[in-house]
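Student: One structure follows; several queries about it will come next.
The values are calculated or read from the model by the stated rules, or taken from the named source; none is laboratory data. Owing to the predicted nature of the structure, the values given are computational and were not obtained by experimental measurement. Don't worry about glycine lacking a Cβ; one is built from the backbone with ideal geometry, like all the others, and counts go over all protein chains shown.
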Amino acid sequence: MGLLVDIQKDFADFSLTVNFQVDQRPFGILGASGSGKSMTLRCIAGLTTPTKGKIILNERILFDSETKIDIPARHRKIGYLFQNFALFPHLTVEQNIAFGIRQLPQKEQQQRISEKLQMIQLDDLGKRFPYQLSGGQQQRVALARALVTNPEVLLLDEPFSALDNHLRRYMEQELIEVLKRYEGVALFVTHNLEEAYHICEQIMIMDNGKIVANQGREELFLQPPTYAAAQLTGCKNMTEAIPANEPNTFVVPRWGNVTLCASQPLEEGHKYIGIHAHHIVFVDQSKQSKLDNVFVCKVVSCEEGPHTVAVYVRIGDLQSMSDGYHLQIEVYKERWREISNDSLLYVHLHADKLFLCS
Amino acid sequence: MVTDFTPLWISLKTATTATVITFFIGMAVAYWMANYQGRAKGIIDGFLILPMVLPPTVIGFILLLIFGKNGFMGKFLAEFDITIVFTWWATVIAAAVVAFPLMYKTARGAFEQVDGSYIEAAKTLGYNDWNIFWRVVLPLSWPGVAAATILAFARALGEFGATLMLAGSIPGKTQTVPIAIYFASEGGNMDKAFAWIIIIIAVSLFVVVFSNMWTGKKYSAISKVRGN
């Protein structure tokens, strides 16, 4: 059971190749704009025809280029939540929700509509038109309209991108609740990694039409498998690593030629070493002899955020006049105030937090 | 003065019938062209617009060639004992052909304005192309289609050159108001010509104002949405 996608779509200057399987848990597709994530959804929904491959939903073949099967979008039983919601402006909220179930008997229609209006807590607004609703309300109506047909798959195409920031977190919570009760396959596309992390247990990362990672969210953030995946999960510190003589140690030319030791051995194809900005900590000098990977550093610049400070440092050479920085470190403001006046700063790159990738 | 009002009835009947015909054909062609992506798009569009650019007498002449005794349509219809030239149907055909480009071009513009995501949403909700047109595309482009219809009606009502060539000026049969005006003023009957002019201005104004009021309400609702 579930959704199997193995397709290729060629354009003049872009080619999309994806192969993945989704079970009943919410599945996230993360990628920058132009990475092909929305195109993947369109192919599943039948709005775009792939060049070749197959799409199978709960043992039902939706598309197969070899046997020339291509079920039209209207027969695929797929709910699609559009980025701009695409609510019909000439229809009321009730009519919008009823749009996909007009073939059902009146009584059943009424029942389903009121059920969905209750779900989205808009019972009193059924007679309003979309332009009389707020962005969050419009989104809820769009979700109700997509779910009222009891689709086997729900495709969510950046559903929060048209909403204000403070509304986003709230709608995220609502969506998580809705998805808990939804029994089909849910695919959530976004370029926002926090959104993906909140909503989906399994996350697939796409870059330039290819899958660069597909794994559980926890693991993905701790051990991104590739450079592109690490970048998309928000890792700020990534560079080339050269294996040193001892096992699990690496020379890192771009970070002042330091030697790091990691908990993870170098595997075939691994070329880069990385660490998340918030995993690097400032320690005092006394720790230098007790811990691995502690280095004296020079602050190049810092950038204050609302809660944290991004500190850019160079490792080692305190005399250098160069502005280039080696590491970006994220520390809480309180901590930064404590240490920023110290004469010498030491950074600690914990061996467990360092990851290697290809 | 005017004593015989038949030109007015003929004009109204002709313009209405011609508008109904162009409404459906124009809309069908407009919708097809709005979705057609082939290479010949420019050329086909050129041919469809031609009746608006060419002098009406040229249209009348071409229609005579098609529907005349030796024309292919004339010959075909003669099999069923139907003649077009110099009958009331000739006024309808002339008016419909001349009004067609206005209907087609304006409606097509309106269809192309409809956001593709509405159409895709309807597809995922189980609608076929035919139902999408009637339930989504047409309601959303209604102000434009209504404007197209008014323009087509106004053009059909004012049609002169092609009508005169194809239908002639047979009083009580094919003589429309514009033709009556022409022959009245040519015959020196200025009072009669003037009376017809007042009538046609009143009718035209009434139709335009009335249809503006009629579409006004819907238009404001949809433009609110667009502005949002």
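Student: Counting only residues that are assigned to a loop (DSSP other than H, G, I, E, B) and in contact (Cβ under 8 Å) with a residue 12 or more places away in the chain, which one in region A:64-73 is nearest to the other protein chains (Cβ to nearest Cβ)?
Tutor: The extreme case among them is A:P72.
Student: May I pose another question? Would you check which residues across region A:130-150 are within 11 Å of another protein chain (Cβ to nearest Cβ) and basic (K, R) and list them?
Tutor: Correct list: A:R145 only.
Student: Among residues belonging to region B:5-19 that are among the hydroxyl-bearing types (S, T, Y) and farther than 12 Å from B:G172 by Cα, point out the one that is surrounded by the fewest Cβ atoms within 10 Å (Cβ to Cβ).
Tutor: B:T16
Student: Can you tell me which of (1) closer than 16 Å to A:P151 by Cα; (2) away from every other protein chain (no Cβ under 14 Å); (3) without any contact (Cβ under 8 Å) to a residue 24 or more places away in the chain is the one A:N58 doesn't meet?
Tutor: (3)
Residues are listed down the side, and each one gets a yes or a no for (1) modelled with pLDDT of 95 or more; (2) outside any helix (DSSP H, G or I):
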| residue | (1), (2) |
| --- | --- |
| B:T3 | no, yes |
| B:P7 | no, no |
| B:T19 | yes, no |
| B:F23 | yes, no |
| B:W32 | no, no |
| B:G38 | no, yes |
| B:L50 | no, no |
| B:T57 | no, no |
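Student: What strands (runs of 3 or more DSSP E) completely inside region A:176-216 contain at least 1 residues that are within 16 Å of A:S161 (Cα to Cα) and in contact with a helix residue (DSSP H, G or I) (Cβ under 8 Å, 6 or more places away or on another chain)?
Tutor: A:185-190
Student: With respect to the numbered conditions (1) in contact (Cβ under 8 Å) with a residue 60 or more places away in the chain; (2) touching a helix residue (DSSP H, G or I) at 6+ places or on another chain (Cβ under 9 Å), which one is the sole condition not fulfilled by A:I280?
Tutor: The number of the failed condition is (2).
Student: Report whether or not A:F85 is within 12 Å of another protein chain (Cβ to nearest Cβ) and on the phi > 0 side of the Ramachandran plot.
Tutor: Numbers: within 12 Å of another protein chain (Cβ to nearest Cβ): yes; on the phi > 0 side of the Ramachandran plot: yes.
Against the criterion (within 12 Å of another protein chain (Cβ to nearest Cβ) and on the phi > 0 side of the Ramachandran plot), A:F85 qualifies.
Student: Continuing with this model, one more query. Which one of A:N214, A:N257, A:N245, A:N208 is touching a strand residue (DSSP E or B) at 6+ places or on another chain (Cβ under 6 Å) and of a type outside the set (D, E, K, R)?
Tutor: Selected residue: A:N214, the only one of A:N214, A:N257, A:N245, A:N208 that is touching a strand residue (DSSP E or B) at 6+ places or on another chain (Cβ under 6 Å) and of a type outside the set (D, E, K, R).
Student: Separate question: Given A:F27, A:F20, which one is surrounded by 22 or more Cβ atoms within 10 Å (Cβ to Cβ), in contact with a strand residue (DSSP E or B) (Cβ under 6 Å, 6 or more places away or on another chain), over 30 Å from A:D123 (Cβ atoms) and more than 14 Å from chain B (Cβ to nearest Cβ)?
Tutor: Values: A:F20 fails: surrounded by 22 or more Cβ atoms within 10 Å (Cβ to Cβ).
Exactly one of A:F27, A:F20 is surrounded by 22 or more Cβ atoms within 10 Å (Cβ to Cβ), in contact with a strand residue (DSSP E or B) (Cβ under 6 Å, 6 or more places away or on another chain), over 30 Å from A:D123 (Cβ atoms) and more than 14 Å from chain B (Cβ to nearest Cβ), namely A:F27.
Student: A follow-up question, please. Condition test on B:T22, is it of a type in the set (S, T, Y), surrounded by fewer than 15 Cβ atoms within 10 Å (Cβ to Cβ), touching a residue at least 40 places away in the same chain (Cβ under 8 Å) and in contact with a Leu (Cβ under 9 Å, 6 or more places away or on another chain)?
Tutor: For B:T22, the condition - of a type in the set (S, T, Y), surrounded by fewer than 15 Cβ atoms within 10 Å (Cβ to Cβ), touching a residue at least 40 places away in the same chain (Cβ under 8 Å) and in contact with a Leu (Cβ under 9 Å, 6 or more places away or on another chain) - is not met.
Student: Collect the residues in region B:119-138 that are assigned to a helix (DSSP H, G or I) and within 29 Å of the chain's Cα centre (by Cα), keeping them in residue-number order.
Tutor: Once the filter is applied, which keeps residues that are assigned to a helix (DSSP H, G or I) and within 29 Å of the chain's Cα centre (by Cα), region B:119-138 yields B:I119, B:D129, B:W130, B:N131, B:I132, B:F133, B:W134, B:R135, B:V136, B:V137, B:L138.
Student: Another question about this same structure. Out of the residues in region B:73-118 that are within 14 Å of another protein chain (Cβ to nearest Cβ) and not in a loop (DSSP other than H, G, I, E, B), which is farthest from B:A147 (Cα to Cα)? Don't jump to the end; show me each part of the working.
Tutor: Of the residues in region B:73-118, the ones within 14 Å of another protein chain (Cβ to nearest Cβ) are B:110, B:113-118.
When the remaining residues are screened for being not in a loop (DSSP other than H, G, I, E, B), the result is B:110, B:113, B:116-118.
On the way: B:A110: 10, B:Q113: 14, B:G116: 22, B:S117: 24, B:Y118: 22 Å.
Among residues in region B:73-118 that are within 14 Å of another protein chain (Cβ to nearest Cβ) and not in a loop (DSSP other than H, G, I, E, B), the one farthest from B:A147 (Cα to Cα) is B:S117.
Student: Is there any pair with a first residue in region B:140-160 that is touching a residue at least 60 places away in the same chain (Cβ under 8 Å) and a second that is of a type in the set (K, R) and surrounded by 20 or more Cβ atoms within 10 Å (Cβ to Cβ) whose Cβ atoms are under 9 Å apart and which are 6 or more apart or on different chains, and what are they?
Tutor: Sorted first by the residue in region B:140-160, then by its partner, the pairs are B:A148/B:R108.
Student: What do you reckon, is A:R76 within 14 Å of another protein chain (Cβ to nearest Cβ), out of contact with any Pro (no Cβ under 6 Å at 6 or more places or on another chain), crowded, with 19+ Cβ neighbours inside 10 Å and within 28 Å of A:S15 (Cα to Cα)?
Tutor: yes
Student: Pull up region B:119-137, narrow it to residues that are among the hydrophobic types (A, V, I, L, M, F, W, C) and within 10 Å of chain A (Cβ to nearest Cβ), then point me to the one that is nearest to A:L41 (Cα to Cα).
Tutor: Selected residue: B:A121.
Student: I would also like to ask the following. Starting from residues that are of a type in the set (D, E, K, R) and more than 18 Å from A:Q173 (Cβ to Cβ), keep the ones in region A:136-161 and report whichever is surrounded by the most Cβ atoms within 10 Å (Cβ to Cβ). If you could, list the steps in order and put the result at the bottom.
Tutor: Within region A:136-161, the subset of a type in the set (D, E, K, R) is A:140, A:145, A:152, A:157-158.
Right, trim to more than 18 Å from A:Q173 (Cβ to Cβ) and you get A:145, A:152, A:157.
On the way: A:R145: 31, A:E152: 19, A:D157: 21.
Per the stated criteria, the residue is A:R145.
Student: Among residues belonging to region A:95-129 that are part of a helix (DSSP H, G or I) and touching a Lys or Arg at 6+ places or on another chain (Cβ under 7 Å), point out the one that is nearest to the other protein chains (Cβ to nearest Cβ).
Tutor: A:G100
Student: Here's a check for you: in region B:141-198, which residue that is of a type in the set (D, E, K, R) and part of a helix (DSSP H, G or I) is farthest from B:A96 (Cα to Cα)?
Tutor: First, pick out the residues of region B:141-198 that are of a type in the set (D, E, K, R): B:155, B:159, B:173, B:186, B:191-192.
Cutting the leftovers down to part of a helix (DSSP H, G or I) gives us B:155, B:186, B:191-192.
Details: B:R155: 9, B:E186: 27, B:D191: 30, B:K192: 27 Å.
Result: B:D191.
Student: Of (1) out of contact with any helix residue (DSSP H, G or I) (no Cβ under 9 Å at 6 or more places or on another chain); (2) surrounded by 17 or more Cβ atoms within 10 Å (Cβ to Cβ), A:I113 satisfies all except one. Which?
Tutor: Of the numbered conditions (1) out of contact with any helix residue (DSSP H, G or I) (no Cβ under 9 Å at 6 or more places or on another chain); (2) surrounded by 17 or more Cβ atoms within 10 Å (Cβ to Cβ), the odd one out for A:I113 is (1).
Student: So, one more: How many residues, within region A:79-90, are surrounded by fewer than 17 Cβ atoms within 10 Å (Cβ to Cβ) and among the aromatic types (F, W, Y)?
Tutor: 0
Student: Additional query: On the basis of being of a type outside the set (A, V, I, L, M, F, W, C), within 27 Å of A:L4 (Cα to Cα) and more than 18 Å from the chain's Cα centre (by Cα), does A:R128 make the cut?
Tutor: It is false that A:R128 is of a type outside the set (A, V, I, L, M, F, W, C), within 27 Å of A:L4 (Cα to Cα) and more than 18 Å from the chain's Cα centre (by Cα).
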